[in-house]
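The structure appears right after this line, and notes come after that.
The values are calculated or read from the model by the stated rules, or taken from the named source; none is laboratory data. Given the structure is predicted, the values throughout are model-derived calculations rather than measurements. Cβ sites come from the backbone with ideal geometry, for glycine too, and all protein chains shown count toward neighbours.
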């Protein structure tokens, strides 16, 4: 059994309209939300062995702010292909994760991260988790268990949706 944590970046700033989308940092709300979701992950023992993070400024900043709550966490693999990736690209990245990792975290963007959560999960997600399919808010985290021994075996529709939280749930 393997576990994947899908995390959307925290709320980004639109203060500088001339800044490229890729370079937008977090706003005040986002800087507050990232540690909250990090604490939620740590309290439940959802600690990644491997992190694949979009190359955008807001995803890298989100990881940097939630990482201290995890106490023991790896340096992220910064992956440009995760920037606004679709579910097929995310599946390819997950299948390429190192088999030494039992828990992998992908930090990405909407609409891809929510669509990937839905496509990865088997039908019948718990009601508290299924709401992720309709809207995957900023700094939300979905935890999905996969019945595989190697990441390369990951198939869409095979995951068991285990948990879902948003910063609003935790405030």
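Summary of values
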| quantity | calculated |
| --- | --- |
| Filtered residues of the stretch 148-171 (kept if within 17 Å of the chain's Cα centre (by Cα) and within 23 Å of residue 54 (Cα to Cα)) | 151, 154, 156, 159, 161, 163, 164, 165, 166, 167 |
| Residue that is nearest to the chain's Cα centre (by Cα), among those in the stretch 125-147 that are surrounded by fewer than 17 Cβ atoms within 10 Å (Cβ to Cβ) and assigned to a loop (DSSP other than H, G, I, E, B) | 135 |
| Tally of residues being part of a helix (DSSP H, G or I) and either touching a strand residue (DSSP E or B) at 6+ places or on another chain (Cβ under 8 Å) or within 27 Å of residue 115 (Cβ to Cβ) (or both) across the stretch 6-31 | 6 |
| Residue pairs meeting the criteria (Cβ under 6 Å; at least 6 apart or on separate chains; first within 24 Å of residue 139 (Cβ to Cβ), in the stretch 152-171; second part of a loop (DSSP other than H, G, I, E, B)) | 161/125; 166/137; 166/140; 167/139 |
| Qualifying residue in the stretch 67-76 (condition: in contact with a helix residue (DSSP H, G or I) (Cβ under 7 Å, 6 or more places away or on another chain) and closer than 19 Å to residue 136 by Cβ) | no |
| So residue 47, is it surrounded by fewer than 24 Cβ atoms within 10 Å (Cβ to Cβ) and touching a helix residue (DSSP H, G or I) at 6+ places or on another chain (Cβ under 9 Å) | yes |
| Hits in the stretch 79-110 - residues which are farther than 19 Å from residue 148 by Cα, in contact (Cβ under 8 Å) with a residue 24 or more places away in the chain, part of a helix (DSSP H, G or I) and more than 12 Å from the chain's Cα centre (by Cα) | 80 |
| Residue 51 modelled with pLDDT of 95 or more, within 25 Å of residue 157 (Cβ to Cβ) and under 13 Å from the mean Cα position of the chain (by Cα) | yes |
| Residue list for the stretch 55-71, restricted to those being surrounded by 19 or more Cβ atoms within 10 Å (Cβ to Cβ) and in a loop (DSSP other than H, G, I, E, B) | 56 |
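For (1) free of Cβ contacts under 8 Å to residues at least 60 places away in the same chain; (2) within 17 Å of residue 68 (Cβ to Cβ); (3) surrounded by fewer than 16 Cβ atoms within 10 Å (Cβ to Cβ), each residue gets a yes or a no:
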residue: 5; (1), (2), (3): no, yes, no
residue: 10; (1), (2), (3): no, yes, no
residue: 21; (1), (2), (3): yes, no, yes
residue: 27; (1), (2), (3): yes, no, no
residue: 38; (1), (2), (3): yes, yes, no
residue: 53; (1), (2), (3): yes, yes, no
